[in-house]
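> Below you will find the structure I want to go over with you.
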Amino acid sequence: MYDPLNIKVLTRMQLYHHPYSLESQKVRLALEERNIDYTSYHVNPVTAKNMDPSFFRMNPTAKLPVFQNGSHVLFDTIEIIQYIERIALVSSGSGLITQSSKKVVEWMYKIQEWNPKFFTLSHIPEKYYIYTSKFIRRVIIARMSEAPDLATAYHRKLKEAYETEEKLHDPQVLQRSEQGLIRLLDEVEMQLKETLYLTGNDFTLADVMLVPVLARLALLGLENEYITCRPKLTEYWTLVQQRPSYNKVIKKYFGGWKRRKTLLKTWCIVRMRCMLKRY
């Protein structure tokens, strides 16, 4: 089936992601909210599965998620979500789903401006981050010899890994990251004084972008510091956690034994491969 924009809608699309990847959560929430069927492939960046040559050829940035519809491959979060929306519009054909308003799109980009990378890493115990970072660098070096044709791209990732470690020791980088988050949450708090959800009384793709940010804060144990100190944001956070999409995409992996199992399995894989020097 084709839409006016010549988007070919396949019966099953593919998403390469990881449950703890914030960007992956945004895309998965969009897929669930728009009721789009897809095939899920877990790619764990901590065990460096995103550095495998097969994945790296598809996406040389090695970032998650990657969305594939036939020969069409997308890496950018907002581009993927807007593509999903167009697919939903074509598939529904009933007018029940409408295209996102300008206000929704503006909020999507506003939320995406905040990069959670350094904020997240700064709240992880340093010994774990350093150990994992060293492991990933060794994997990248090993992949260079396995796939010489990708050596230049792998070298860029190696350089990026070293730069990330260096920036984590720069107080200004960490301060800018936190200040960006605070500005965003303050603006959200002001907006929620006027509307139930971020752009009105309906849950939109703007909310899809915001919910994983709040979930990340909860995962890091920072709810009191950044969420519950804002009354309207607290109400909003309680409300969105009741959505079926939240339960399937986030709560399922963050709660109880599932969370411990995922973290323990990941850590055991990294430790074992380091011990055996199998990168």
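> Once the other residues with Cβ under 15 Å from the Cβ of Thr199 are scored (Lys, Arg +1; Asp, Glu -1), what is the net sum?
On the way: positive: Lys102, Lys103, Lys110, Lys193, Lys232; negative: Glu33, Glu85, Glu106, Glu187, Glu189, Glu194, Asp202, Asp207.
Neighbourhood net charge equals -3.
> Additional query: Please tell me which of these pairs span more than 21 angstrom C-alpha to C-alpha: Lys26/Lys102; Lys167/Lys277; Lys134/Lys248; Lys26/Lys167; Lys134/Lys157; Lys63/Lys167?
Lys167/Lys277; Lys134/Lys248; Lys26/Lys167
> For the ranges 223-229, 41-47, what's the packing order if you count other beta-carbon atoms within 10 Å of each residue, average per peptide, and put the highest first? Working shown, then result.
On the way: 223-229: 13.6, 41-47: 17.9.
Highest-to-lowest ranking by the protection proxy: 41-47, 223-229.
> Taking a quarter of the surface of the Cα convex hull of the stretch 53-199, what do you get in nm²?
Working: hull surface 47.5 nm².
About 11.9 nm², averaged over all directions.
> Here's another thing I want to ask about it. To the nearest 20 debye, what charge dipole does the chain have about its Cα centre, counting +1 at the Cβ of each Lys and Arg and -1 at the Cβ of each Asp and Glu?
Details: 41 positive and 29 negative charges, 281 e Å.
About 1360 debye.
> Another question, then. So what is log10(I(q)/I(0)) for the stretch 117-193 at q = 0.14, 0.19, 0.25, 0.26 1/Å, when the Debye sum runs over its Cα atoms only?
-0.61, -0.84, -1.09, -1.13
> How large is ³J(HN,Hα), in whole Hz, for each residue of the stretch 122-132 in order, when computed from phi with the Karplus curve 6.51 cos²θ - 1.76 cosθ + 1.60 and θ = phi - 60°, using x for Gly and Pro?
Once θ is set to phi - 60°, the couplings for the stretch 122-132 become 6, 9, 9, x, 4, 5, 6, 5, 4, 4, 5 Hz.
> In debye, nearest 20, what is the charge dipole magnitude of the stretch 130-210 about its Cα centre with +1 on Lys and Arg Cβ and -1 on Asp and Glu Cβ, if you could check?
Numbers: 11 positive and 14 negative charges, 123 e Å.
Result for the stretch 130-210 is approximately 580 debye, rounded to the nearest 20.
> Where the centre of each part is set by its Cα atoms, how far does the stretch 232-279 sit from the stretch 183-220, in angstrom?
Centre-to-centre distance over Cα atoms comes out at 21 Å.
> Whole number please: convex hull volume per residue of the Cα set in the stretch 73-132, in Å³?
Details: hull volume 7.6 nm³, N = 60.
That works out to 126 Å³ per residue.
> Which number do you get for Rg(Cα) / (2.2 N^0.38 Å) in the stretch 152-279?
Numbers: Rg = 18.6 Å, N = 128, 2.2 N^0.38 = 13.9 Å.
Normalised by 2.2 N^0.38 Å, the Cα Rg of the stretch 152-279 equals 1.34.
> Which one is right for this structure if Cα extents along the principal axes in Å is calculated from it: [x] 55, 48, 35; [y] 74, 43, 29; [z] 57, 51, 45?
After the calculation, the listed value that fits is [x].
Every number in this text was worked out from the coordinates using simple rules, so none of it is lab data. From a predicted model like this one, the values you see are computed outputs, not experimental measurements. Note: ideal-geometry Cβ built from the backbone for every residue, glycine included; neighbour counts use all protein chains shown.
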